[in-house]
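Notes follow once the structure below has been shown.
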There are 2 protein chains.
Amino acid sequence: MGTTQLETVPEPKYWHLRTVLSEALDSEFSVGEILPNERDLAARFGVARATLRQALEQLELEGRLQRRRGVGTTVAPPRVGVAVGTEQHAWPGAEGDAWEPADCATAAPPAAVAGMLETRKDEQVHTVRRSLVTNGQPVAAELLYVPLSSVPASAAADAASGAARAHAVLQGLRHLDLEGQDRAVELGSARAEDAKELDRLPGAPVLVVTTRFFARGRTAAVSVATYRADTCRLTFADSGGVEIHHDAS
Amino acid sequence: MGTTQLETVPEPKYWHLRTVLSEALDSEFSVGEILPNERDLAARFGVARATLRQALEQLELEGRLQRRRGVGTTVAPPRVGVAVGTEQHAWPGAEGDAWEPADCATAAPPAAVAGMLETRKDEQVHTVRRSLVTNGQPVAAELLYVPLSSVPASAAADAASGAARAHAVLQGLRHLDLEGQDRAVELGSARAEDAKELDRLPGAPVLVVTTRFFARGRTAAVSVATYRADTCRLTFADSGGVEIHHDAS
């Protein structure tokens, strides 16, 4: 990367620098390569450190760069496609479900979840914690909220460990006929507990997928899944039956 | 909001402050209300301005706060649900499509799009620009890439204006049988042109939805749509035929 003075341009300086840096990443750097330090980069492009940092933050947001403490800034590999909308209607924990149940507690859900489940204020629900790992990398953390009335009363009562209780609740769900589901995707920031599981700092940008599962004409369970926004792209297959390709393009 | 000194906590200070602020927003502020200025807020919570700003950025990322130049920081209304996955298989521009065609150019697409379309390097495609406005607010900006071979040769040739060319290309697409489509959602930052259309600064976080439309056993068009991440949640209906509710919960 040679010395490049930025000309005066109408767009914000950090944005122009981001474009210049992005092109340099394409042409001069390879995946995993460590970028020069901030002082050197700022000097080469003739910009203030603050401007450089803004441009690096942009490229991190776009998944082009990764910043890790103790390592520095590296060129990120292409994002991994994670299939979210599956064509088969299936309860969480059904055959082929890649999510790993880790724990289960019984507690009052957040107000927004209680609203979707139409549970009473402070009414406790099963809260199953699951995680999704791909190629050894943590990809997503999920909280699955299941009203006590959705599963047989005995389901989680006599399980020895949290993981066993989680399995029992998931199995209990399968007694219900799944009538449908819908999803919403939005930007969020990782809560402390999720951040730890995802190997990120609290507040890191995440994609939050909220899924409602319908049975007996009501919402029988709600899943709130938090995907790493830096490394993941969420893929949705349509009912057209076309295969999903997980290539990086 | 009274004076609240933050105790020493194991989690990052900005994260704890974010939680305290979030609770204050729930209990003491209403939508649209302007927050006290940064200096006053920092003093009240006994934190440095930098810590306060980090916490405010978190809450902005989560859609709880809006920061607008000349206005200050206000409490954001709940995000608006925007339906992305529709149940009917339909080409862009089909009956009931809320997107407004604005312009059409013929140009070589970005490399990633060319890869999906399997067009040759530097091969030109129709590029239709459309926008989605809900309740008078710009919600999303789209570039729809259509290879010249996907539509009749005459489609866009004799149209007088960009908007008329866009309509002609969309109409041309409907000659093809749509065999299916798939989608990917990922975090991105608004390019300068999109940012202007969305009333944001370049680099603002956006949700990028890439849709591939299949016909004749190949990818006949690719849509890259950029949704405001601060004000939108994307909703996906499942083929179960359950109605989508756009409530804010």
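Coordinate-derived values only; no laboratory data. The shown structure was predicted, so the numbers you read here are calculated from the model rather than taken from an experiment. Positions of Cβ are generated from backbone atoms using ideal geometry, with glycine treated the same way; all protein chains shown enter the neighbour counts.
So for chain A, averaging the separation of alpha carbon pairs under 8 Å that are six or more residues apart and normalising by length, what relative contact order in percent results? Walk me through the intermediate numbers first.
Working: 445 pairs, mean separation 47.1, N = 249.
Rounded, it is 19 percent for chain A.
Could you give the nm distance between label points at A:ARG49 and A:ASP177, where each point is 7 Å from its Cα heading toward the beta carbon?
Each label point is offset 7 Å from its Cα along the Cβ direction, giving 6.6 nm.
Check the straight Cα-Cα distances from B:LYS13 and name the lysines below 30 Å, setting aside those fewer than 8 residues away within the same chain.
A:LYS196
Assume the label is 7 Å from Cα along Cα to beta carbon: what separations in nm does A:ALA153 have to the matching positions in the other copies?
7.7
Alpha carbons only, please: Rg and Dmax for the range A:80-236, in angstrom.
Every Cα atom of the range A:80-236 included, Rg and Dmax give 14.9, 41 Å.
Can you give the FRET efficiency for A:ARG67 and B:ARG216, using 1/(1 + (r/R0)^6), R0 = 45 Å, r = Cβ-Cβ distance, to the nearest 0.05? Don't skip to the answer; put the middle values down first.
On the way: r = 44 Å, r/R0 = 0.98.
Once rounded, the FRET efficiency stands at 0.55.
Per the helix-only calculation at 222 nm, which mean residue ellipticity applies to the protein assembly as shown, given -39500 (n - 2.57) for every DSSP H run of n ≥ 4 and division by its residues, nearest 500 deg cm²/dmol?
Working: 12 runs with 126 residues, N = 498.
-7500 deg cm²/dmol, from helical runs alone.
Give the nm distances, rounded to one decimal, from B:GLY217 to the matching residue in every other copy, measuring between label points 7 Å along Cα toward the beta carbon; shortest first.
4.9
Out of every Cα pair in the protein assembly as shown, what percent are spaced more than 39 Å from each other?
Values: 33978 of 123753 pairs.
Distances greater than 39 Å cover 27 percent of the Cα pairs.
Between the helical axis of B:49-61 and the dominant principal axis of chain B, each derived from Cα atoms, what acute angle in degrees is found, rounded to the nearest 10?
40 degrees
Counting alpha carbon pairs within less than 8 Å and at least 6 residues apart, what relative contact order, in whole percent, applies to the range A:16-115?
On the way: 62 pairs, mean separation 25.2, N = 100.
Averaging sequence separation for qualifying contacts and normalising by length gives 25 percent for the range A:16-115.
Can you give the mean number of other chain Cβ atoms that lie within 10 Å of the Cβ atoms in peptide A:176-183? Please list the in-between numbers first.
On the way: counts 0, 0, 2, 3, 7, 6, 11, 8.
The mean count of partner-chain Cβ atoms within 10 Å per residue comes to 5.
Which shape class applies to the range A:10-75: rounded if a/c is under 1.5, otherwise prolate when a/b exceeds b/c and oblate if not, where a ≥ b ≥ c are the square roots of the Cα gyration tensor eigenvalues? Present the calculation step by step, with values, prior to reporting the outcome.
On the way: a/c = 1.55, a/b = 1.34, b/c = 1.16.
Taking the square roots of the gyration eigenvalues as a ≥ b ≥ c, the range A:10-75 is prolate.
About its Cα centre, how strong a charge dipole does chain B have in debye, to the nearest 20, once Lys and Arg get +1 and Asp and Glu get -1 at the Cβ?
On the way: 26 positive and 33 negative charges, 151 e Å.
In debye, rounded to 20, chain B gives about 720.
Chain A: longest stretch without exposed GluC sites (Glu not before Pro) (DSSP loop, at most 10 other Cβ within 10 Å), sites themselves excluded?
Values: sites that count: A:GLU7, A:GLU95, A:GLU118, A:GLU243.
Excluding the exposed sites themselves, the longest stretch runs over A:119-242.
What percent does the relative contact order of the range B:10-75 come to when contacts are Cα pairs within less than 8 Å and at least six residues apart?
On the way: 54 pairs, mean separation 27.8, N = 66.
It rounds to 42 percent for the range B:10-75.
Could you pull out which residues in the range B:211-230 have an amide N less than 18 Å from a spot 7 Å beyond the Cα of B:ASP199, following the Cα-Cβ vector?
In the range B:211-230, the label zone of B:ASP199 (backbone N under 18 Å from the point 7 Å along Cα→Cβ) covers B:226-230.
Got the A:ARG39 label distances to the other copies yet, label 7 Å along Cα→Cβ, in nm, shortest first?
With the label placed 7 Å along Cα→Cβ, A:ARG39 yields 3.3 nm.
So if R0 is 56 Å, what FRET efficiency would B:GLU28 and A:ALA83 give, r being the distance between their Cβ atoms, rounded to the nearest 0.05? Please list the in-between numbers first.
Numbers: r = 42 Å, r/R0 = 0.75.
Here the calculated transfer efficiency is 0.85.
Could you point to the residue in A:VAL71, A:ALA55, A:ALA24 farthest towards the positive end of the range A:10-75's charge dipole, with +1 and -1 charges on the Cβ of Lys/Arg and Asp/Glu respectively?
A:VAL71
Residue by residue through A:221-228, how many Cβ atoms from other chains fall within 10 Å of the Cβ on average? Write out the running numbers ahead of the final one.
On the way: counts 0, 1, 0, 0, 0, 0, 3, 1.
Taking the mean over all residues of the peptide, I get 1.
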